[in-house]
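First up is the structure itself, then whatever we jot down about it.
Derivation of every value follows stated rules applied to the coordinates shown; laboratory data play no part. What you see is a predicted model, and the numbers here were worked out from it, not measured in a lab. Neighbour counts run over all protein chains shown; Cβ positions are idealised from the backbone, glycine included.
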Amino acid sequence: MEARLKVTWNGSDGDYKDTIDFDLEDATVLSIAEEGIRSGYMEGVPQDENASLTDFVVDRMRETTSLPAIILVRPKTPYGVQ
Amino acid sequence: MSHIIVVGAGALGSHVVLAARNVGPITVIDFDRIEMKNVQAQFHGKMNVGQNKAVSLARIMQQVFGVKVEARSAQLREDNAEALLTGDNFIVDCTDNLAARTLIREFTLAKNIPCIHACLAGDTEYARVVWSKGFTPDREDTGQATCEDSGHLPFYVMVSSVVVSIIRAYLDQGTVQNCSVTPKSLFWF
């Protein structure tokens, strides 16, 4: 199954220009996303040659009636800000 | 629904209470006290420094808006979760630690209580608001988000608005929505 790859980086949210395999390992997904940002291949995210997605999280959402399958690469969110 | 229960009255939770004041009855839970550094980015006033966040917030909501908010000056734990959360309620998790988030998630799933978790990244340039069923708490190893800096206040307000939109969608239409939030974009899923 193919999936849309969405990435959040430095406050911007964008899509990888190609779909990727839904079942790729997390490390591979992170590598694709990182290289996508570094090379400017991520629509909506400004190119950043120093992008590093170490410690980012990979979420997977299966296809629904309203959305295709999505892999979301995002920062960790431990806080509610007390 | 009996009450919207907001757990955590910090930068996010205090603004959720403010934004949800016309949605339904609200209960806010927090054991912490207001510090001077909190007033830059939280809906707490300088005059209330030293007071319990939940109690102070309830008083402000009554004084400013005439809205009655129930306050619980307590730290949510396994032994008091039943008393604090059970009922025909909608839970909003705005806590700041893995233990509390895990407890809220597991308790609300077990009791079939509707619950969303509002979570911010350490750099406060990303947030997600997610229903318990699809929620996995992240570990606390990326640096503490700051609540002293008023520069992040617009983002906290933005995330609070998303929280209230999700509550309304559920109460009005029975819709379950999740949202991935950056200062520039919302992604609903």
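Just a few scattered comments:
- Top-ranked residue of the stretch B:23-61 - restricted to ones that are among the acidic types (D, E) and surrounded by fewer than 19 Cβ atoms within 10 Å (Cβ to Cβ), ranked as farthest from the chain's Cα centre (by Cα): B:E35
- Strands (runs of 3 or more DSSP E) completely within the stretch B:91-189 that count 2 or more residues being more than 18 Å from B:I5 (Cα to Cα) and either within 9 Å of chain A (Cβ to nearest Cβ) or touching a residue at least 12 places away in the same chain (Cβ under 8 Å) (or both): B:127-131, B:179-182, B:185-188
- Test: B:Q63 is among the polar types (S, T, N, Q) and within 14 Å of chain A (Cβ to nearest Cβ): no
- Within the stretch B:115-131, the set of residues being more than 27 Å from A:S52 (Cα to Cα), buried (at least 20 other Cβ atoms within 10 Å of the Cβ) and not aliphatic (A, V, I, L, M) comprises just one member, B:C115.
- Among (1) away from every other protein chain (no Cβ under 11 Å); (2) surrounded by 18 or more Cβ atoms within 10 Å (Cβ to Cβ); (3) not in a loop (DSSP other than H, G, I, E, B), the one test that A:E35 misses: (2)
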